[in-house]
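The values are calculated or read from the model by the stated rules, or taken from the named source; none is laboratory data. Only a predicted model underlies this, so the values are computations on that prediction, with no experimental measurement involved. Here the Cβ positions follow ideal geometry from the backbone for every residue, glycine too, while neighbour counts run over all protein chains shown.
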Amino acid sequence: MREARDEAGGRPEPHHRHDMVVVGSANADLVVRVQRHPAPGETVLGSDLAVHPGGKGANQAVAAARLGARVALLGRVGADGHGRLLRESLERDGVDLSHLHDTPAASGVAMIAVGPRGDNSIIVAPGANSLLTEDDVRLAAPLLRAAPVVSLQLEIPLPAVLAAARLARRPVLNLSPAMAVPEELLALCDPLVVNEHEAAWLLGDAGDPARQAKALLALGPRSVVITLGADGAVTAEAGAVRPVPSPRVTPVDTTGAGDAFTGALAWRLALGESLAGAAAFAARVGAATVRGAGAQSSYPTMAEVETL
């Protein structure tokens, strides 16, 4: 973590030095490239297996840190080889791991098949992520209360997500994987971030994104962002709906692009940028991400984003 040091003994300054805190998952991504995704009951041949650091929480933390944010991650990893891989990756990008706990369980794993157009299908085995508790969150209360933004997702237990949202000054919730959540959690979101498929699942309606954004806002969140892949995003707050364009690029692999978007969005909101402005920046980060393979391995620096 790139923190300033006090003059007395080299200890980090207090928790308010973080721009944002991510409460979420860390997974080892097991990636195979395929010429086409298998139908039910079908076997297809793929490439050699590649193992990369991932998980929605770790991805968001790394994406923001690589852009220059000061980030802490609250979560759990196993005391195994995958856990070591995840810690080493996060440390390289300067993420504060003082609240990333080692757990006597297997680390989370995501099994990812990547198609020829960069599209992917993912199955997640949560492992240690499923053991993050409300007590873990309460112990980190000073960290969470001090951060301008706390970024959340749903690859960890819902009680831990809700406990973190209650403590956060500004909770950003990526409703992924899509699931039913309490009205209280929706009401705390600022913004609620979903992709077009998650929006359709939540509303039971795959209609126009601008109309979906208004409908999602009516469910209670303070603001909404719907990501639309190559078509950018739509933001909604206080009745104002705005389209957000994305730079046009040739995608190589879309794995982790949504996490890069959300991590970048949360950071820019922490810096005081407007929702539409933060989403426009995040769309550029997402576009830069899909030009490379893997999740964290493809996340851009600020200099790379500025080339778009």
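Taken over the range 114-146, the residue count meeting the criterion of being touching a Lys or Arg at 6+ places or on another chain (Cβ under 7 Å), over 18 Å from Gln35 (Cα atoms) and not in a helix (DSSP H, G or I) is 1. Considering Val172, Val161, which residue is assigned to a helix (DSSP H, G or I) and at pLDDT 95 or above? From the options Val172, Val161, the qualifying one is Val161. Among the residues of the range 292-307, those that are in a helix (DSSP H, G or I) and closer than 22 Å to Val51 by Cα comprise Gln296, Ser297, Ser298.
State which residue is farthest from Asn174 (Cα to Cα) when the search covers only the range 97-113 and only residues that are in a loop (DSSP other than H, G, I, E, B) and out of contact with any His (no Cβ under 6 Å at 6 or more places or on another chain).
The residue in question is Pro104.
Taking the residues in the range 52-67 that are more than 13 Å from Pro126 (Cβ to Cβ) and of a type outside the set (Gly, Ala, Ser) as candidates, determine which candidate is modelled with the lowest pLDDT. So, considering only residues that are more than 13 Å from Pro126 (Cβ to Cβ) and of a type outside the set (Gly, Ala, Ser), the one modelled with the lowest pLDDT is His52. Is it the case that some residue within the range 256-270 is free of Cβ contacts under 8 Å to residues at least 24 places away in the same chain and either aliphatic (A, V, I, L, M) or within 25 Å of Gln296 (Cα to Cα) (or both)? Scanning the range 256-270, I find at least one residue that is free of Cβ contacts under 8 Å to residues at least 24 places away in the same chain and either aliphatic (A, V, I, L, M) or within 25 Å of Gln296 (Cα to Cα) (or both), so the answer is yes. A single member of Ser47, Ser25, Ser89 is surrounded by 15 or more Cβ atoms within 10 Å (Cβ to Cβ), among the hydroxyl-bearing types (Ser, Thr, Tyr) and more than 23 Å from Arg169 (Cα to Cα), and it is Ser89.
Condition check: buried (at least 24 other Cβ atoms within 10 Å of the Cβ) and of a type outside the set (A, V, I, L, M). Does Pro191 satisfy that?
Working: buried (at least 24 other Cβ atoms within 10 Å of the Cβ): yes; of a type outside the set (A, V, I, L, M): yes.
Against the criterion (buried (at least 24 other Cβ atoms within 10 Å of the Cβ) and of a type outside the set (A, V, I, L, M)), Pro191 qualifies.
The residues listed here are Ala125, Ala106, Ala110; of these, the one that is touching an Asp or Glu at 6+ places or on another chain (Cβ under 7 Å) and either farther than 23 Å from Ala64 by Cα or free of Cβ contacts under 8 Å to residues at least 24 places away in the same chain (or both) is Ala106. Flag: Gly57 does not match the condition of being closer than 11 Å to Ala26 by Cα, touching a residue at least 24 places away in the same chain (Cβ under 8 Å) and in contact with a helix residue (DSSP H, G or I) (Cβ under 7 Å, 6 or more places away or on another chain). For the range 1-46, filtering for residues that are under 22 Å from the mean Cα position of the chain (by Cα), at pLDDT 50 or above and either part of a loop (DSSP other than H, G, I, E, B) or among the small types (Gly, Ala, Ser) (or both) leaves 6. When Gly204 is tested against (1) modelled with pLDDT under 95; (2) of a type outside the set (Phe, Trp, Tyr); (3) in contact with a helix residue (DSSP H, G or I) (Cβ under 9 Å, 6 or more places away or on another chain), only condition (3) is not met.
Assuming Ala238 fulfils every condition listed in (1) modelled with pLDDT under 95; (2) under 18 Å from the mean Cα position of the chain (by Cα) apart from one, which condition is it? Tallying (1) modelled with pLDDT under 95; (2) under 18 Å from the mean Cα position of the chain (by Cα), Ala238 fails exactly one: (2).
Residues of the range 50-60 include none that is among the β-branched types (Val, Ile, Thr), closer than 27 Å to Pro116 by Cβ and crowded, with 24+ Cβ neighbours inside 10 Å. With respect to (1) at pLDDT 95 or above; (2) more than 16 Å from the chain's Cα centre (by Cα), the lone exception for Phe261 is condition (2). The residues of the range 47-64 that are assigned to a strand (DSSP E or B) and not hydrophobic (A, V, I, L, M, F, W, C), listed by number, are His52, Pro53, Gly54. Only a single item in (1) surrounded by fewer than 24 Cβ atoms within 10 Å (Cβ to Cβ); (2) within 20 Å of the chain's Cα centre (by Cα); (3) of a type in the set (A, V, I, L, M) is not met by Ile226, and it is number (1).
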